[in-house]
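Report on the structure given below.
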Amino acid sequence: MEDQKKKSEWDEWKDIGQKIEQLIKQEIKQIAKSGKPQNWVETGKKIEAKIRSQMAKAAGAHPDANWIELGKTAEDRVKSAISKWAGAEKDDDWITIGKKTDAKIREQIANVAGVEAGSDWLEIGKKFSDKIKSKITDWLEDDEKTRRKRLDQLSEPYRNWHYYPDFVVHPSPRDGLNFSSVDCPLVWKLNDQWQMWYTGFDVRGYQTALAVSDDLINWEPRGLVMGFGKEGAFDYGGVTFGGALFESYDIKAPRTLKKWNNKYWVLYGCYPKQGGYEIRPGAQGAAWSEDAVNWYRASDYPILSIKGASEWEKDCIYQPWLLEYEGKFWNFYNAANGAIEQTGVATSTDMLTWYRYPGNPIVRNRLGGYDEKFCSDPKVFQDGDHWVMFYFGVGRGGAHIMIAFSQDLLNWESHPEPLYKAGGNPSGLDKTYAHKVSLVYNDQNDTFYMFYCAVGEKGRGIGLITSKPI
């Protein structure tokens, strides 16, 4: 009951303040509307009289009381209200009222903190702090449980993969190119035939080659697509086709190439030097084609490099993934600072001039996680009302296939558990690494095919896992 009275008294004072404010506004508005010269002394006296009248009414004083009388009456009313709440006597002085108010406050906080009412403030403070900390911990745990449940639900359609027992493209594809290993598959469809661009490595560096298939299992090598750049060029060490401009990025849509400005487009990763594996600093280039067969460099300069790079990407820029959305092109890529790799994004409207997102990296390493060292090689698709990113993480032993989700392509949440761990194939095919994926959907058997670079006891080749047994 006392709390209700207290609330009512404070609400009354609040109403008084609002009324006084309205009176002043009304007077000034009337003056402004009249446009006549004002005697501000008389106007001030008029406003003061109205304020005094409102204050006298609130304090229970005579309307003509002076300000000293009003102040005393208002003080008596305030003291009475505080005394009632604190349990003080009507005639207590302010010191006594203050002590009793302190005791009342201490009693209420002690009650919340779960200690005796007579406890000192230090003990109350410690208990209260512990209780707040416990409550915040509970909230955070509940939030994490809710978050994990949501991520579990989103990732469920992309779990429980079935492994194909062998490479679908072997480390030495026997197409006359003398590759010692193959890497980085990118699968798409031309007419009714599946196409796979993949990277071949020899002692000099990287080149992009082509294989074709009618069933996504048996692949026939068809030779080189794009090789080394000219000596001294930014891509002299070779090219790796990373992301093509597709008609659709829906996760179940056919991977068919799309023309922009009457040309097909691909972004590629590249290196400036020959003679080794991923000789830094890497960069990115762009290529175009009119027939999807013969490809040409779009520029003599890299479209993205360590020039102008932030700290997280200062040492090397790696392979891109190209996406078109809302009137612009998106370039998802991984980059390195020392031995740490993370994922960022840049955007463009002309394929050649790219602007890095200032909030990069968008997928970051997690301490102690499966992506503690690398969050790399992103592949992004749309799945209903959200976006899905497949990437590989390095951490806790080996390289593993990971998944992340976003509503806007910029803010991503990664599931802590891999979709597929290195060593999932009992033959030892991917004992060391399972990474660098390419995902397609086959509507003939309602099955996802995820091609990936498998590294293990049989070398480095292109492996396959499927969402259903085949």
- Task: Would you check which residues across region 369-389 are in a loop (DSSP other than H, G, I, E, B) and buried (at least 21 other Cβ atoms within 10 Å of the Cβ) and list them?
- Result: TYR370, ASP371
- Item | ASP430 being surrounded by fewer than 19 Cβ atoms within 10 Å (Cβ to Cβ) and of a type outside the set (A, V, I, L, M, F, W, C) | no
- Taking into account only those residues within region 52-99 that are surrounded by 13 or more Cβ atoms within 10 Å (Cβ to Cβ), modelled with pLDDT under 75 and in a loop (DSSP other than H, G, I, E, B), which is farthest from the chain's Cα centre (by Cα)? ALA65
- Across region 141-181, what is the number of residues that are within 30 Å of SER406 (Cα to Cα), polar (S, T, N, Q) and modelled with pLDDT of 95 or more? 3
- Hey, among PRO361, PRO426, PRO416, which residue is modelled with pLDDT of 95 or more and more than 17 Å from the chain's Cα centre (by Cα)? PRO426
- Message: Exactly one of these conditions fails for PRO361: (1) under 18 Å from ASP152 (Cβ atoms); (2) crowded, with 20+ Cβ neighbours inside 10 Å. Give me its number.
- Response: (1)
- Any chance region 189-203 includes a residue that's part of a loop (DSSP other than H, G, I, E, B), surrounded by 20 or more Cβ atoms within 10 Å (Cβ to Cβ) and in the same structural domain as ALA335 (by TED's automatic domain parsing)? no
- Query: Looking at ASP443, is it more than 22 Å from THR146 (Cα to Cα) and surrounded by fewer than 17 Cβ atoms within 10 Å (Cβ to Cβ)?
  - Reply: yes
- Task: Report yes if ASP430 is in the same structural domain as ALA346 (by TED's automatic domain parsing) and more than 25 Å from ALA339 (Cα to Cα), otherwise no.
- Result: no
- Residues (of a type in the set (A, V, I, L, M, F, W, C) and under 40 Å from the mean Cα position of the chain (by Cα)) located in region 108-134: ILE109, VAL112, ALA113, PHE128, ILE132
- Task: Being crowded, with 20+ Cβ neighbours inside 10 Å and either without any contact (Cβ under 8 Å) to a residue 60 or more places away in the chain or closer than 15 Å to MET196 by Cβ (or both) is the filter here, so list the residues in region 446-468 that pass it.
- Result: TYR449, MET450, PHE451, TYR452, CYS453, ALA454, VAL455, GLY456, GLY461, ILE462, GLY463, LEU464
- Message: Which count do you get for residues in region 319-352 that are assigned to a strand (DSSP E or B), within 19 Å of ILE306 (Cβ to Cβ), free of Cβ contacts under 8 Å to residues at least 60 places away in the same chain and not hydroxyl-bearing (Ser, Thr, Tyr)?
- Response: 9
- Item | Evaluation of CYS184 against (1) part of a strand (DSSP E or B); (2) on the phi < 0 side of the Ramachandran plot (one fails), failing number | (2)
- Message: Any residue that is modelled with pLDDT under 95 and either in a strand (DSSP E or B) or at positive phi (or both) - is there at least one of those in region 247-265?
- Response: no
- Task: Taking the options PRO165, PRO173, name whichever one is out of contact with any Pro (no Cβ under 8 Å at 6 or more places or on another chain), under 27 Å from ALA422 (Cβ atoms) and surrounded by 10 or more Cβ atoms within 10 Å (Cβ to Cβ).
- Result: PRO165
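Residue-by-condition table, conditions (1) closer than 26 Å to ALA346 by Cα; (2) touching a residue at least 40 places away in the same chain (Cβ under 8 Å):
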| position | (1), (2) |
| --- | --- |
| PHE390 | yes, yes |
| ARG396 | no, no |
| HIS400 | yes, no |
| ILE403 | yes, yes |
| ASP408 | yes, no |
| GLU417 | no, yes |
| GLY424 | no, yes |
| HIS435 | yes, yes |
- Task: Kindly list the number of the only condition in (1) closer than 22 Å to GLU156 by Cα; (2) in contact with a Gly (Cβ under 9 Å, 6 or more places away or on another chain); (3) surrounded by fewer than 14 Cβ atoms within 10 Å (Cβ to Cβ) that fails for THR349.
- Result: (1)
- Message: I'd like to know if region 287-295 contains one or more residues that are in contact (Cβ under 8 Å) with a residue 24 or more places away in the chain and touching a Gly at 6+ places or on another chain (Cβ under 7 Å).
- Response: no
- Message: Kindly evaluate GLN274 against the criterion of being more than 20 Å from GLU341 (Cα to Cα), polar (S, T, N, Q) and in the same structural domain as VAL380 (by TED's automatic domain parsing).
- Response: yes
- Extreme residue, farthest from TYR449 (Cα to Cα), among residues of region 111-157 that are in contact with a Lys or Arg (Cβ under 8 Å, 6 or more places away or on another chain) and of a type in the set (A, V, I, L, M, F, W, C): ALA117
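The values are calculated or read from the model by the stated rules, or taken from the named source; none is laboratory data. Just so you know, these numbers come straight off a predicted model, no measurement behind them. Don't worry about glycine lacking a Cβ; one is built from the backbone with ideal geometry, like all the others, and counts go over all protein chains shown.
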